[in-house]
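Peer 1: First, the structure itself, so that you have it in front of you.
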Amino acid sequence: MSIESVDVVITSPGRNFVTLKVVTSDGIVGWGDATLNGRELSVASYLSDHVASMLVGRDEDRIEDTWQYLYRGAYWRRGPVTMAAIAAVDMALWDIKAKKAGMPLYQLLGGASRDGVRVYAHASGTDFEALTNAITGYRELGFTAVRVQTGVPGLGQIYGVSAAGPGVRYDYEPAKRSGDRPAEETWDTRQYLNHMPGVFAKIREEFGTDLRLLHDGHHRMSPIEAARFAKDVEPYDLFWLEDCTPSEDQAALRLVRQHSTTPLAIGEVFNTVFDYQTLITERLIDYVRSAVTHTGGITAMKKLLDFAAIYGIRSGIHGPTDISPIGMAAALHLDLAIHNFGIQEYMPHNEQTLEVFRTSFTFDRGFLHPGDEPGLGVELDEEAASAHEYTKAYLPVNRLLDGTVHDW
Ligand code: CS2
Ligand code: MG
């Protein structure tokens with residue numbers, strides 16, 4: 001048996017997704033997520049122009065060999081485009097292998113280590129009232145953990161805050177269909193640092209100590225600013241502070257660690273285990289935030305999480321809406337199987353997306369399960385997908401009040 005065909009499906013049910021379809025000579029179909037937000041077509045081209053023809057005729061069971069063939073074989077290593085392309089191939093091959101075994105993927109990864117996967121939702125609001133409405137809404141839905149992002153007085157629309165006003169919002173979406181150029185946002189770290197700790201104080205007063213609270217700094221603070229922030233929010237018991245500094249500077253977290261016990265999470269823009277070498281071996285983080293889709297797939301992610309486990313570091317796999325339900329399924333199978341699971345991000349996809357990608361996920365009082373269908377448990381409906389044409393969309397560019405470009 002061998003791989004017979006490899007195709008790329010691009011669809012845009014409210015947002016863009018790139019999916020790889022691998023079919024074997026005996027008709028088994030495997031799906032892989034290759035979505036790279038705002039740069040989707042570059043991964044589609046990498047796969048269809050350079051990878052598809054290499055896969056045809058290969059033994060679909062040789063997953064590790066195929067991974068090394070694509071990673072080492074390209075000579076040019078790492079980077080989000082390459083690693084998203086390899087991830088899509090890897091996911092599709094694991095999907096096929098588990099379908100052939102007649103088992104949900106997590107069984108091949110060692111079986112379930114828990115009954116369900118604790119997930120966190122995104123609660124946001126332009127002001128405190130809108131934010132508390134969102135938190136209340138998510139608690140009523142059964143969530144036990146929420147990420148909190150809120151507007152900062154004096155700044156306009158900022159990262160992570162739904163512009164749609166009060167209430168529970170499922171569809172916060174940072175990628176904007178803004179024509180040929182990205183939309184722009186404004187930022188001021190000083191105003192943010194002065195505002196945010198007070199918000200956490202009020203949330204704890206209102207909601208007590210049970211609820212797990214997370215926050216995303218989205219790479220905007222310098223090391224000394226991040227150290228101050230992590231120290232200021234210490235009394236409010238954050239589950240984690242994410243991406244407090246620009247993540248490529250691994251040594252920056254030494255300073256933050258010296259000043260605070262607030263748990264740190266980092267890695268959604270990383271692509272390989274090497275991006276974590278200092279962070280993990282020096283125990284500078286508590287949670288690994290990579291996406292399976294952007295880190296070379298299930299094969300690479302399992303190795304990364306096993307490496308983290310040796311240092312007592314846990315998983316916090318990236319799961320925003322720009323990870324397709326296929327990438328999300330890959331995360332859920334890993335979450336269920338590994339011992340060092342921490343928490344899983346969960347931004348539910350909109351209804352249009354779920355009509356294109358049929359999942360078998362179940363949600364029960366704050367915990368997700370990938371379902372027990374053989375494989376990853378997600379099937380793409382190609383006819384439904386073809387109704388949604390690709391539409392260019394970009395993540396915003398961020399500027400300081402004086403116009404200087406800043407990390408978004
Ligand atoms: C984020 C993402 O989910 C997160 O933690 O930081 O929303 C991120 O902004 C997007 O995935 C970018 O594509
Ligand atoms: Mg993030």
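The values are calculated or read from the model by the stated rules, or taken from the named source; none is laboratory data. Bear in mind that the values here come from a model prediction, so they are computed numbers and not experimental data. No Cβ is skipped: glycine too gets one built from the backbone with ideal geometry, and neighbour counts run over all protein chains shown. The area values use the complete protein model at the heavy-atom level, side chains included, leaving out ligands, DNA and RNA. Shrake-Rupley method; radii C 1.70, N 1.55, O 1.52, S 1.80 Å.
Peer 1: Using the heavy atoms of the protein chains alone and a 1.4 angstrom probe, what is the accessible area of the chain per residue in square angstrom?
Peer 2: 39
Peer 1: For R114, list long-range residues whose amide hydrogen, built 1.01 Å from N in the peptide plane, is under 5 Å from its own amide hydrogen.
Peer 2: none
Peer 1: Can you tell me which of F17, F363, F270 moves the most in a GNM of the chain? Springs connect C-alpha atoms under 10 Å apart.
Peer 2: Of F17, F363, F270, the Gaussian network model singles out F363 as fluctuating most.
Peer 1: Of the residues M328, M196, M347, which exhibits the maximal mean-square fluctuation in a Gaussian network model of the chain defined by a 10 Å Cα contact cut-off?
Peer 2: Sorting by GNM fluctuation, first place goes to M196.
Peer 1: For helix 128-140, report the angle its Cα long axis makes with the longest principal axis of the Cα atoms of the chain; keep it between 0 and 90° and round to the nearest 10°.
Peer 2: Helix 128-140 and the main axis of the chain meet at about 50 degrees.
Peer 1: Still on this structure, please answer the following. Leaving ligands, DNA and RNA out of it, rank W31, W94, W76 by accessible area with a 1.4 Å probe, largest first.
Peer 2: So the residues, ranked largest to smallest area, are W76, W94, W31.
Peer 1: Right, another one. Any chance you could give the angle, 0 to 90 degrees and rounded to 10, that helix 80-101 forms with the longest Cα principal axis of the chain?
Peer 2: 60
Peer 1: From the phi of every residue in region 116-121, what ³J(HN,Hα) in whole Hz does the Karplus formula 6.51 cos²θ - 1.76 cosθ + 1.60 yield, where θ is phi - 60° and glycine or proline is x?
Peer 2: Per residue, the Karplus-derived 3J(HN,Hα) values read x, 10, 5, 10, 10, 9 Hz.
Peer 1: Moving on. For Q277 and R254 in one chain, what is 0.36 nm times their gap in residues minus the Cα-Cα distance, to one decimal in nm?
Peer 2: 6.9 nm is the gain from fully extending Q277 to R254.
Peer 1: Ignoring ligands, DNA and RNA, please state the percent of accessible area on region 1-150 from carbon and sulfur, probe 1.4 Å.
Peer 2: The nonpolar share, carbon plus sulfur, comes to 49 percent.
Peer 1: Rounded, prolate or oblate for region 108-372? Axes are the square roots of the Cα gyration tensor eigenvalues, ordered a ≥ b ≥ c, and the cut-off for rounded is a/c under 1.5.
Peer 2: rounded
Peer 1: Angle, helix 325-337 long axis vs. longest principal axis of the chain, Cα atoms, 0 to 90°, nearest 10?
Peer 2: Taking the Cα atoms of the chain, the angle to 325-337 is about 80 degrees.
Peer 1: While we're on this one: Rounded to the nearest 5, what is the percent of antiparallel bridges among the DSSP beta bridges in region 108-372?
Peer 2: DSSP beta bridges in region 108-372 are roughly 20 percent antiparallel.
Peer 1: For R358, what is the net charge nearby, where nearby means another residue's Cβ is under 11 Å from its Cβ and Lys, Arg count +1, Asp, Glu -1?
Peer 2: -4
Peer 1: Another question, if that's okay. For region 281-342 and region 76-119, write down the distance between their C-alpha centroids in whole Å.
Peer 2: 11
Peer 1: Quick one: which of K99/K176; K99/K303; K202/K302 span more than 31 angstrom between C-alpha atoms?
Peer 2: K99/K176; K202/K302
Peer 1: With a cut-off of at most 12 other beta carbons within 10 Å, and DSSP calling the residue loop, which GluC sites (Glu not before Pro) in region 246-293 qualify? Please list them.
Peer 2: E248
Peer 1: Right, something else. Mean-square fluctuation check for the chain, GNM, Cα pairs under 10 Å: which of A201, A291, A123 is largest?
Peer 2: A201
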